[in-house]
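Notes to accompany the following structure.
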Ligand code: FUB
């Protein structure tokens with residue numbers, strides 16, 4: 001891993017992030033369009049920033065550029081840096097801070113990045129246009145076209161290439177629109193059509209179309225009640241007709257008004273990328289992308305995806321295991337809070353304050369290595385003991401970590417019992433009473 005990290009540094013790639021949900025802790029991210037290119041997953045999200053006086057509109061979405069992130073295992077993400085920025089796109093109104101949800105497709109050896117923004121030419125009409133930037137690699141450099149796509153007015157572009165090679169562009173503007181794209185990916189090859197049979201009440205946006213077993217799934221966020229939830233319809237053709245079929249994800253319990261998603265199949269598993277407001281619970285225009293597994297029923301319908309903190313993938317036992325991104329938590333005495341409310345990008349901690357309080361963290365990969373100790377970055381105002389157990393709160397004790405009384409964060413080490421090779425679910429349990437806080441644990 002160390003060598004891999006150094007190689008990426010040598011290639012000029014700066015940030016490597018080890019993630020559960022949310023996936024990215026170095027910046028706000030939203031509207032994740034995930035794509036599988038080769039043996040990696042690339043995510044093209046929106047990049048929310050906070051408006052400041054003279055830069056963007058306070059209290060509203062504010063985005064000036066895009067980054068692309070990639071991963072080979074969905075748990076370690078690389079930030080490849082900024083790929084397109086508003087004031088370097090010839091047609092975008094300077095400092096309009098409206099670089100909303102994008103998408104990307106690969107075609108004929110090139111990567112086409114589609115993004116909406118406010119055009120500087122007011123004769124194009126009010127609202128958003130959609131433009132394209134082209135690159136030789138999924139990470140850029142992307143060269144923006146001088147004009148947006150003719151005949152397209154709206155936001156949330158989504159591209160789909162059917163098995164016969166025909167590409168389609170979807171977007172939203174009250175309704176959801178679709179049109180064929182020419183081979184060059186830059187012009188419409190058919191008149192835009194409004195996709196019919198979708199809900200007529202409540203905002204719909206963010207279309208995302210994918211195909212599975214000959215069925216075309218038109219998926220989109222829709223406000224059925226108070227905030228957006230993810231819904232889908234199924235058809236036999238990329239342009240429909242579609243039949244409303246169900247809900248992929250309920251409204252976020254956090255109250256985050258928007259959701260926006262993409263669906264991919266990677267290494268024989270389907271995944272749903274979406275967003276919530278994890279890093280900004282009081283302002284839902286500063287969002288964070290997330291990822292959970294998605295499953296189909298035998299009749300092709302989608303099983304509802306429940307949002308988790310744990311997310312997907314196997315966490316390497318030798319890396320920081322963020323227990324606060326738990327798979328399960330005891331009813332009483334265990335809670336999660338920001339490490340530093342003045343800098344939420346530092347992430348979270350787990351607080352234990354009742355005897356037997358626990359958090360369970362699933363799928364930790366130990367491989368074949370014999371680990372001898374576990375380290376916990378922790379503190380305890382009372383002094384206390386955290387047990388690390390195998391499987392669940394009643395499973396075999398693997399280690400007992402003694403935390404001295406104090407306010408300072410320290411890395412405390414304890415011996416680990418022999419553990420079988422492979423992947424384990426772990427549980428951290430407060431033994432006896434007192435109060436303990438854990439940032440992360442890691443095995444050596
Ligand atoms: O990110 C700005 C807008 O919020 C997107 O374009 C919508 O889909 C919603 O997520």
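Each value in this text was obtained by applying a stated rule to the coordinates, not by laboratory testing. Remember, predicted model here, so these are calculated numbers, not experimental data. Cβ placement follows ideal geometry from the backbone for every residue including glycine, while neighbour counts extend to all protein chains displayed.
Values for this structure:
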{"read-out": "Shape call, segment 230-278: gyration tensor on alpha carbons, a/c limit 1.5", "value": "oblate"}
{"read-out": "Segment 142-275, relative contact order [Cα under 8 Å, separation at least 6], %", "value": "16 percent"}
{"read-out": "Pairwise FRET efficiency - residue 226 versus residue 407, Cβ, R0 = 25 Å, nearest 0.05", "value": "0.05"}
{"read-out": "Per residue convex hull volume, Cα atoms of the chain, in Å³", "value": "156 Å³"}
{"read-out": "Mean ellipticity per residue at 222 nm, deg cm²/dmol - from DSSP H runs of n ≥ 4 across the chain, formula -39500 (n - 2.57)", "value": "-500 deg cm²/dmol"}
{"read-out": "Computed FRET value (nearest 0.05) for residue 201 with residue 420, which takes r as the C-beta separation and R₀ as 60 Å", "value": "0.65"}
{"read-out": "Computed E for residue 120/residue 295 - FRET, C-beta separation, R0 35 angstrom, nearest 0.05", "value": "0.20"}
{"read-out": "Relative contact order %, the chain, counting alpha carbon pairs below 8 Å whose residues are six or more apart", "value": "11 percent"}
{"read-out": "Spin-label model distance (nm) - residue 85 vs residue 146, 7 Å beyond Cα toward Cβ", "value": "2.3 nm"}
{"read-out": "Sorted by Cβ neighbour density within 10 Å, fewest at the top, the residues 352, 115, 128", "value": "128, 352, 115"}
{"read-out": "Mean Cα-pair separation over length for segment 354-444, i.e. relative contact order, pairs under 8 Å, 6 or more apart, %", "value": "47 percent"}
{"read-out": "Kirkwood hydrodynamic radius of segment 315-443, from inverse mean 1/r over distinct Cα pairs, in Å", "value": "14.3 Å"}
{"read-out": "Cα→Cβ-extended label distance, 7 Å offset, between residue 40 and residue 267, nm", "value": "1.5 nm"}
{"read-out": "Backbone N within segment 45-70 under 13 Å of label point (7 Å from residue 345 Cα along the Cβ vector)", "value": "48-50"}
{"read-out": "Residue 50-residue 215 pseudo-label distance in nm [points 7 Å out on the Cα-to-Cβ vector]", "value": "4.5 nm"}
